[in-house]
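Q: Would you mind keeping the following structure in view while I ask a few things?
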Amino acid sequence: MNLDFASNADYFFALAPEILLSIWAMVVLLAGVRKESDSRPPGEGTTLGWLSLVGLLLAAMANGWLYGVTQDAPGAMITIDGFRLFANWLFILGAGLTILVSMSYVGRQRLQSGEFYSLILLATVGMMVMGGTRNLILLFLALETMSIGAYVLTAFNRRDRRSAEGGLKYFLLGSFSSGFLLYGIALVWGATGSVHLPEIGATVAAGAGLSGLLLAGMALLLIGFAFKIAAVPFHMWTPDVYEGAPMPATAFMAAAVKAASFVAFVRVFLEAFPALYESWYPVVWWLAALTMIVANLIALSQANIKRMLAYSSVAHGGYLLVALAAASQLATAGLLFYLLVYTIMNIGAFAIVMVVSGHSEERLQLDDYSGFGWQQPTLAVLFTIFLLSLAGFPGTGGFMAKIYLLQGAVDSQLWTLAILLVLATVVSYYYYLRVAWYMWMRDAPAETTEGAGYWAPIPVQMVLLLSAGVLLYLGIFPGGLLDGALAGAEGLGLAREPFFGFLP
């Protein structure tokens, strides 16, 4: 099918996954309308959870259909390229895994399941539009759609003061960062006369823009994205928000929301500002270096598992910034590969934490994992796999993901960043393996030795087993997924060679 975007029908077809998912989110919301009651059984949210997964399946089918669609309108606000389609798989996967692991949590915490799942679906719609638009105004609207859903999910548990506090902090700082983004968009439009990414790129390459105004706008955009991806020193909201949010919401934000922010960051800077690479490269270089170093050092001292995983998420953002600094097709493919692997291993890790906490917000300290390996050996083995993959241990998908980031950095001659990435990874081994040491090398407290009440329902078991299997498979046979990531990177029109390849 060929689309030239001469009519609104063309946009309908191009946005088929997003439209289907939006409609389905409304269906889930309406299906969940009922009188709130504190006497609902723990399994009440399961039906709506499976219904939400049907919507994600329909969106996935529509996304697969788009591979047979061609586009003849470079000026359209929506693009159909490999980068967008690969990113859509990532967002759908993140939302699906989150819903599967959240069903028991939603029931036990007596949350409004229809609202909870519809927010996840609508936030996913925002992510998908972020990955597929070349218009800065539409990008901002999509980003706010995602962000508002994330704000509400953070504060969703009204019975928990920490959830309300985390939601307020996230909303205030998120709104602040959105202001930077919007002001940056205004300045870029003022300097180039366009909000369309390829047109901005062409204007900048021709030297026709107002340089001072353009650099200011680009700097504000960079600050706004740095907030969204929680790069140091714009990460201060992350630990409190991740700790206060309901566990499934934390997993969703740490994986899918972060991935969407990176996808938008990469598209904007590699499509609109490649000619200004020498201007923004040093800033991204320092953001990557500081984020890897600071986040890993702070994570070393964390005794709360959620806060440790929060700083871990910040550190992984630093690794991903290395790919943006490298700015080549190989590095961008490595970023896409890393985001997908990170989504799987991060949600898997949070699912284990959820099981240990009793699908609540309890038992979140390191001491609570003492002896867990001998009480629940299967769950402990799976958690160990996720931790090793997060650390980048050989034989796991996380290791191959870091290898591809390193290859991208070396390909662009970013030797210092490559060395920092390796050293930061070595430091991270301590706090990941410390959890494994508590599970396998320490005795359980006497009061928890006889049955600690760990319960992993079937949907959670499905996620854990499939995620661990995929991570081990990708640790040995990553080629197929990497080929897909390379095809996705080609969608941005990048050459394999970096822009400049100079030494920092």
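Q: Measure nothing but the geometry: give the 0 to 90° angle between the long axis through the Cα atoms of 211-228 and the longest principal axis through the Cα atoms of the chain, rounded to 10°.
A: 10 degrees
Q: A further question on this structure: Once every DSSP H run of n ≥ 4 in the chain is given -39500 (n - 2.57) and the sum is divided by its residues, what mean residue ellipticity at 222 nm do you get, rounded to the nearest 500 deg cm²/dmol?
A: Theoretical 222 nm ellipticity from helices: -24000 deg cm²/dmol.
Q: Going by Cα centres, the stretch 189-207 and the stretch 236-300 are how many Å apart?
A: Their Cα centres are 25 Å away from one another.
Q: Quick one: divide the alpha-carbon radius of gyration of the stretch 2-490 by 2.2 N^0.38 Å and tell me what you get.
A: Expressed relative to 2.2 N^0.38 Å, the Cα Rg reads 0.94.
Q: Mind checking the angle between helix 415-441 and the chain's longest principal axis? C-alpha axes, 0 to 90 degrees, to the nearest 10.
A: 10 degrees
Q: Would you mind finding the longest exposed-site-free stretch of the chain, with exposed trypsin sites (Lys or Arg not before Pro) meaning DSSP loop and at most 16 other Cβ atoms within 10 Å? Before the final figure, lay out each step's value.
A: Working: sites that count: R34, K35, R158, R159, R442, R496.
With a cap of 16 other Cβ atoms within 10 Å, the longest stretch comes to 160-441.
Q: Same structure, new question: What full-extension length gain, to one decimal in nm, is calculated for L297 and L423 as 0.36 nm per residue of separation minus the Cα-Cα distance? Please report the intermediate quantities before stating the final value.
A: On the way: separation 126, 0.36 × 126 = 45.36 nm, distance 1.14 nm.
Result for the pair: 44.2 nm of gain on full extension.
Q: Mind giving me the FRET efficiency for A208 and M236? R0 is 35 Å, r the Cβ-Cβ distance, nearest 0.05 is fine.
A: 0.35
Q: Right, another one. How far apart, in nm, are the 7 Å Cα→Cβ label points at Q365 and W286?
A: A separation of 4.0 nm, rounded to one decimal place.
Q: Suppose every Lys and Arg Cβ carries +1 and every Asp and Glu Cβ carries -1, with no other charges. What dipole size does the chain come out with about its Cα centre, to the nearest 20 debye?
A: So the dipole magnitude of the chain works out to roughly 640 debye.
Q: Here is a further query. Along the Cα-to-C-beta direction of N304, a point sits 7 Å from the Cα; which residues of the stretch 101-127 have their amide N less than 20 Å from that point?
A: Taking a point 7 Å out along Cα→Cβ of N304, the residues of the stretch 101-127 whose backbone N falls under 20 Å are 109.
Q: Would you work out which of F386, L172, Y319 lies farthest towards the positive end of the dipole of the chain, given +1 charges on the beta-carbon of Lys and Arg and -1 on that of Asp and Glu, about the Cα centre?
A: Highest projection toward the positive end goes to L172.
Q: Let me ask something else. Taking 0.36 nm per residue of separation and subtracting the Cα-Cα distance, what length does fully extending F477 through A219 add?
A: 88.9 nm
Q: Using a simple spin-label model with points 7 Å from Cα along the Cα→Cβ vector, what separation in nm is obtained for L465 and V33?
A: Reported label-point gap for L465 and V33 is 3.9 nm.
Q: Using a Cα distance threshold of under 26 Å, what count of lysine pairs results for the chain when pairs must be 8 or more residues apart or interchain?
A: Lysine pairs meeting the criterion: 9.
Q: Exposed loop chymotrypsin sites (Phe, Trp or Tyr not before Pro) only (DSSP loop, at most 13 other Cβ atoms within 10 Å): please give the longest stretch of the chain free of them, not including the sites.
A: 1-454
Computed from the coordinates by the stated procedures, all read-outs in this text should not be read as laboratory data. Here the structure is a predicted model, which is why all the values come from computation and not from measurement. Please note: Cβ atoms are built from the backbone with ideal geometry, for glycine as well, and neighbour counts cover all protein chains shown.
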